1. Among B:ALA202, B:ALA192, B:ALA213, which is the only one that is within 14 Å of another protein chain (Cβ to nearest Cβ) and of a type in the set (Gly, Ala, Ser)?
2. Condition first: assigned to a helix (DSSP H, G or I) and touching a residue at least 40 places away in the same chain (Cβ under 8 Å). Can you find one or more residues in the range B:348-360 that meet it?
3. With the structure loaded, tell me whether A:ALA49 is out of contact with any Leu (no Cβ under 8 Å at 6 or more places or on another chain) and hydrophobic (A, V, I, L, M, F, W, C) or whether it fails that test.
4. Just wondering, is there one or more residues in the range B:281-300 that are among the basic types (Lys, Arg) and part of a helix (DSSP H, G or I)?
5. Kindly check whether there is at least one residue in the range A:213-229 that is without any contact (Cβ under 8 Å) to a residue 24 or more places away in the chain and in contact with a Phe, Trp or Tyr (Cβ under 9 Å, 6 or more places away or on another chain).
6. Name the single residue, out of those in the range B:263-280 being farther than 18 Å from B:SER59 by Cα and within 14 Å of chain A (Cβ to nearest Cβ), that is surrounded by the most Cβ atoms within 10 Å (Cβ to Cβ).
7. For the range B:125-180, enumerate the residues that are basic (Lys, Arg) and within 18 Å of the chain's Cα centre (by Cα).
8. Would you pick out the residues in the range A:131-166 that are of a type in the set (S, T, N, Q), touching a Lys or Arg at 6+ places or on another chain (Cβ under 9 Å) and surrounded by fewer than 20 Cβ atoms within 10 Å (Cβ to Cβ)?
Amino acid sequence: MNSVAMASPLFNGLSYSSILLMMALGLAIIFGLMGVINMAHGELMTAGAYATYLTQITLFKLGGAQAADWTYIVAIPVAFVIAALLGLLLEWAVVRFLYGRALETLLATWGVSLILQQAFRNIFGSNNVAVNTPGWLSGGVTLGQLQLPYARLYILALVVVVFAAVLLYLRLSRIGLQIRAAMQNRNTAAAFGISPRKIDMITFALGSGVAGVAGVGLSLVGSIGPTTGQHYLIDAFMVVVLGGVGNLFGALFGAFLIGETHSVLEFFTSSTGAKVAVFTLIIVFLQLRPGGLFPARNRALD
Amino acid sequence: MKRREFLKGAGAAALGAAAYPIMGGLNIAHADALWKGGVTNETVKVGDLHSLSGTMAISEIPVKNAELLAINEINAKGGVLGRKIEPIVVDGASDWPLFARLAKKLITQDHVPTIFGCWTSASRKAVLPVVQHYNNLLWYPVQYEGMECSHNIIYTGACPNQQIEPSVEWLLKNKGKKFFLIGSDYVFPRTANAIIQAQLKALGGETVGVEYAPLGHMEFATIIDKIKYSGADVVYNTLNGSSNVAFFKQFQQAGLTPEKMPIMSTSIAEVEIQGIGPQYCAGHYASWNYFMTTDTPQNKAFIKAYKDAYGQDSVTDDPIEHGYVNVYLWAKAAEKAGTFDPDKVRDAASTFSFDAPQGVVQVSAENQNMSQIVRVGEIQPNGMFKEVWHTPEPVKPQPYSPYISDMTCDWPKGGLIKRTSA
């Protein structure tokens, strides 16, 4: 085996990590900051993927194949808004009655996830829908024997941008400050004139919107069907729990660790074997450090 | 449990027996003849058991639709034995234990004399003991791995020697000797790959890699790397469900083309190609008994009827056609037998040939699988198949592949027996 062959699982691992991080980022906000176990997270990603599909159809109708080439730019804000609105509805209709009761949020949002799946099925049919990869995302950079697909590089770039945007928003914006304050201590924050209701809604919509953007990326590498989100949900939770609940950097390192480990193990063993090994390693790690990589010191979670 | 089932069955039969004379109908029912309750002077109930929700719904809903289409057509022509067919449609929800419970419900509560249904081998294996226990009849429409011999199932989908084995031979002849095998991690791909590996050994081919991915797996970059570095001439793909979408997309993104390395698939038909996107799989191959483009007068009529019923955009494919054919085979067998008695219908099913959309087919009296033509098609950019090869004659079914088993299914000789000679 030459060095090129060795570099390739490392790049695959990085690209898998970027997908994992993308899936987990919205979850890290909703689960991490708010303590809501959102089982409908996968369906929010699916909504983003369907938004990509609808964007492509619309662009094609408006301006033909050339316009459709812009799908993967235009779809980002579209998917964000659609998923955020869906999240807002979910928060208003279900989740707001269940704050502080994690297990109840699990059950209620699981029900919502089933309803959404059936809704997708009724609207889009039970078969998968196909989104065409535009010309500028087909093919890849060739470095000797190594091929880095443009689609993967796009996802990598997308996740970097989204991660930075979310981080800066939470750190630098006024609302970001209020979010962090409300999540640490609702009552004290309320005493300072912050409306916890408003903050809950904004945070939930933000996490949902980010899930929608993840759907845009996923539609490049995977399927878009009513149950697509289900395939990613477990992985997303794994990343957040391994990283340490309530910490965006935790999600970052969790995704990187799982992605690389899985990819390298898969290269030397088999796909099923790598999955078992990664699960086992995570279980062992959580036995040693129940709080994950970066345990949160967040009063709301105590 | 046993006793309760017996009491329930006996009770139902007694009720049925009491009801028949009033309805002016059939002979007094035997305790085991639950099916007679499903037959009146005007109607006959039949079970239709598919996943209408859950992960298999994508594939199974169109098969259910085709079965209902055949039922409507037969009813429009006056029904079977003078009775209209009344389908009882139930949703197995991609949940195998539920398939077993629903099969039992269809037989013991609706008293159907026959059931059309199932897709996955897991669901068929769950229903098998139920139809065996109540001596009912299941019509199974999907290609499968063989290795099964039941008197209560008619298997019309391809068995290994009607799909896998001929397509491997075709690849060896036309595309190369080195095979990379990739499949989902469950019974069909593992059995299929065992056959292919043995076959390659026997015919002078070579297996350069075998990989299994968990069902629903989406991340194929590493497996595709292994395929790239394996030096394979062809990829034999037994992945199932939405993993195929991810696999084909990522295969193309990795710079692999059908010219460099063609993929032969066993679980991708016209319906699935729509969901993957034809542009990702054009140029690759699949092996089936029927394509929508198969050129027969029966197929033209079938496609027209199907589109009229389910929309002009809908497509037909192999399992859809088999579901449609199954209903006709059952109806014709019942007419021949002059009764809906599952035993007699089964015996009659192998006494005639039928002009199906795919061509002439006939159920084998030996193993209750179906003789049919094997085809290899190249996927076109419009999502349809261009047939590149087919067998000159219908191929006799052989559910136990001689490559991996020395058993054979032969009911006139008593069922599952040791193979005596090739």
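1. Selected residue: B:ALA213, the only one of B:ALA202, B:ALA192, B:ALA213 that is within 14 Å of another protein chain (Cβ to nearest Cβ) and of a type in the set (Gly, Ala, Ser).
2. Yes, the range B:348-360 has at least one match.
3. For A:ALA49, the condition - out of contact with any Leu (no Cβ under 8 Å at 6 or more places or on another chain) and hydrophobic (A, V, I, L, M, F, W, C) - is not met.
4. Filtering the range B:281-300 down to residues among the basic types (Lys, Arg) leaves B:300.
Subset that is part of a helix (DSSP H, G or I): B:300.
Within the range B:281-300 (the criterion being among the basic types (Lys, Arg) and part of a helix (DSSP H, G or I)), the answer is yes, since at least one residue qualifies.
5. Going through the range A:213-229, the residues without any contact (Cβ under 8 Å) to a residue 24 or more places away in the chain turn out to be A:222.
Subsequent filtering for residues that are in contact with a Phe, Trp or Tyr (Cβ under 9 Å, 6 or more places away or on another chain) retains A:222.
Checking the range A:213-229: at least one residue is without any contact (Cβ under 8 Å) to a residue 24 or more places away in the chain and in contact with a Phe, Trp or Tyr (Cβ under 9 Å, 6 or more places away or on another chain).
6. Ranking the candidates gives B:TYR280 first.
7. B:LYS125
8. Let us first name the residues in the range A:131-166 that are of a type in the set (S, T, N, Q), namely A:132-133, A:138, A:142, A:145, A:147.
In the following step, the residues that additionally are touching a Lys or Arg at 6+ places or on another chain (Cβ under 9 Å) were identified as A:133, A:145, A:147.
Of everything in the range A:131-166, just one residue is of a type in the set (S, T, N, Q), touching a Lys or Arg at 6+ places or on another chain (Cβ under 9 Å) and surrounded by fewer than 20 Cβ atoms within 10 Å (Cβ to Cβ), namely A:GLN145.
The values are calculated or read from the model by the stated rules, or taken from the named source; none is laboratory data. Note that the structure is predicted; figures quoted are calculated from it, not measured. Backbone-built Cβ (ideal geometry, glycine too); neighbour counts: all protein chains shown. Just the protein is used for accessible areas: all its heavy atoms, side chains included, with ligands, DNA and RNA removed. Shrake-Rupley method; radii C 1.70, N 1.55, O 1.52, S 1.80 Å.
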